[in-house]
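Nothing in this text is a laboratory measurement; each read-out follows from the coordinates by a stated rule. What you see is a predicted model, and the numbers here were worked out from it, not measured in a lab. Neighbour counts run over all protein chains shown; Cβ positions are idealised from the backbone, glycine included.
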Amino acid sequence: MSASRPIDRPLDSRAEGLPGSARFDVERSLPEASFLDGFRESAGDAGRRPTLTQVAALAGVSLKTASRALNDEPNVAEATGRRVREAADKLGYRLNGIARELRRGATSALVGLISGDLTNPFYSAVASGIERELRQHGLQLVTANNDEDAELEQALVDAFLQRRVRALLVVPSGEHHDYLAIEGNRGVPFVFLDRPPDGLAADAVVIDNAGGARAAAEHLLAAGHRRIALVADLASKAPQRGRIDGFVQAMEAAGNEEWRPFLRTDVHDVHRAEETVRELMALEPRPTALFTTNNRLTTGALRVVHGQAGPPALIGFDDFDLADVIGTTVVAHDPVALGREAARLAHERISGFRGPARTVTIPTSLIARGSGERPPTR
């Protein structure tokens, strides 16, 4: 059974999420000069990236001599070594240090992260928290984007495991993760972020989604609102289900049924959120308040209601840049802390911890800035 506990560290960062549609393959998802470099030649990429064979040919030596010279091995004449290094510099050839260390029996220092779109500042902040924590332990982070595609996610998992990462951190797109059980049993620890695993006992770091949404709904109810629209992202994803459930719990506890005609789910980007809120505002009667379940949807809602005469009250889940400037009430949490906690759990597993799966819950807080405190207009 998973143990759940809140973190007891101060919040130190908030970030917004913006839409991103770019899809990346395995190599484009990872940093330039990544650990994939040593495998490009076998993938037919030699025409674009210089090879050791080309260095040896330019220097006029054998492949073995070129390798020994570049690896600073003994019994290579000084002039020969200099000629090989000059050829490597001319071609722009660089040794793959990670692959070399692995061949010598060293342990990889890489930890992989598979997340949603890294152009979304939420995921960037999560990655920042992970990287800061890993750096303290001599570990390095490499990242890839699953583009909310379960098949792509599995391909990325396979690619990372083939490169012998020490641990793998996953913001899952798929609903089932039992296919990872074999890999976990081979000693590769998995930590899930934002969304808990299904079919796999693994560590996870999640946000208090239901609690945050419930607090937002209660805040609007306390201000006298009853016709409250709920605009939610993909209802198939666990964080969104938690936020929907928390909102519904608050409505049911208050005996309020007037919100039901204004429920909208599977609103996945800013443009669709803008269209949805515009449609809601055209209804008669229209909702007097809006609750949006992530910052992309809040952005779309703001494009419709900002500057209106008598706008509806608005609370958005997730803080974002300039929300304080434009007076947007939000349910805030700390994505950097989410990443930091995930990295901490991964490092403990790498260091030998073999206890049961753990779940860390990142708390939320409602920040009142004006938009969520507007009274009903009609």
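Per-residue Cβ neighbour counts within 10 Å put Thr298, Thr288 in the sequence Thr288, Thr298, beginning with the fewest. So which trypsin sites (Lys or Arg not before Pro) in segment 132-171 pass both tests, a DSSP loop state and at most 16 other Cβ atoms within 10 Å of the Cβ? Those that pass, being in a loop and sparsely packed, are Arg164. Extension gain for the segment Arg85 to Leu234, taken as residue separation times 0.36 nm less the Cα-Cα distance, is 48.2 nm to one decimal. Reported to the nearest whole Å, the Cα centre-to-centre distance from segment 229-265 to segment 300-351 is 18. If R0 is 30 Å, what FRET efficiency do you get for Gln308 and Glu252 from their C-beta distance, rounded to 0.05? Once the sixth-power term is evaluated, E becomes 0.50.
Annotation for Leu263 and Leu161: the two label points, set 7 Å from Cα along the Cα-Cβ direction, are 3.8 nm apart. Shape verdict for segment 209-332, please, from the Cα gyration tensor: rounded (a/c under 1.5), prolate (a/b greater than b/c) or oblate. In terms of gyration-tensor shape, rounded.
Between His271 and Thr377, the distance separating the two model label sites (each 7 Å from Cα on the Cα→Cβ line) works out to 2.8 nm. The mean sequence separation of alpha-carbon pairs under 8 Å and at least six residues apart, normalised by the residue count of segment 209-332, gives a relative contact order of 28 percent.
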